[in-house]
Amino acid sequence: MDPAIPPDGPSGPGPSDSGPSGPGPSDSGPSGPGPSLPMGPAYPATLDIERADHVANWRPLVHWLLIIPQAIVLSVLGVVAEVVSFIAWFVILFTGKLPEGLIGLQCLYIRYSNRVAAYAMFRREEYPPFTFETVAPDPGDDRGVRTDLAPETEGRNRLTTAFRFILVIPHYIVLAVLGIALLFVVIAAFFIVLFTGNWPEGLRRFAVGYLRWSTRVAAYHLLLVDEYPPFSLE
């Protein structure tokens, strides 16, 4: 199952949907321009999406079409990421380590999927770049969507690795249910943005929360980390 399907604004400094570390005021800091959006639980996989004050009204009408090339690339990366995770599964079981060479592609896939999702849901206006940096910290080549990962290479838990594909099932069940709700959120946002040019705050928080959750689950599923992800939209 694809972990992140499944968001803005100009690439310059601006408000953000998470994290006080962004280049400008954010929803999560006390200086934010609107209701605060608290940081999620500390986890070695984080997502920060820049929040625009306004999105061009016509964006919802074309993003579904413009995203097709990116979706094709993402599909290919997803297949490769699953193959790499299968290899990593055996390596960790036998050595207790995750080789550096198996980390980069997984980080690239998670980061790329978040960028595609952010654009597909017209959460931002800049077209996602066709860049393929295989590094864990976000390289900063897309300032609108930042995904930082902290993979664990040494002392890996062989037991949880052995049953990883079972342990992750509860999360995917919950994400599937929330994904249905997200579909209705995006449909509602489609019409609201079409007429007002703004994502409503409550819908925005839910959409970003869903992507944060799926980011943590993806990192766990693809064997980048051993810490079990929290059941949280924060």
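The table below lists the values:
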quantity: Tally of residues being within 15 Å of Thr131 (Cα to Cα) and surrounded by 17 or more Cβ atoms within 10 Å (Cβ to Cβ) across the stretch 72-81; calculated: 2
quantity: Filtered residue count, the stretch 193-219, keeping only those that are buried (at least 23 other Cβ atoms within 10 Å of the Cβ) and not aliphatic (A, V, I, L, M); calculated: 8
quantity: Set Ser85, Ser75: member being part of a helix (DSSP H, G or I), more than 16 Å from the chain's Cα centre (by Cα) and hydroxyl-bearing (Ser, Thr, Tyr); calculated: Ser85
quantity: Near pairs, Cβ below 6 angstrom, 6+ apart or cross-chain, from the stretch 55-66 (closer than 11 Å to Asn198 by Cα and among the polar types (S, T, N, Q)) to any residue that is outside any helix (DSSP H, G or I) and at pLDDT below 90; calculated: Asn57/Gly197
quantity: Residue in the stretch 113-120 that is among the charged types (D, E, K, R), out of contact with any His (no Cβ under 6 Å at 6 or more places or on another chain) and in a helix (DSSP H, G or I) present; calculated: yes
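The values are calculated or read from the model by the stated rules, or taken from the named source; none is laboratory data. Predicted, not measured: the structure shown is a model, and the values here were computed from it. Neighbour counts run over all protein chains shown; Cβ positions are idealised from the backbone, glycine included.
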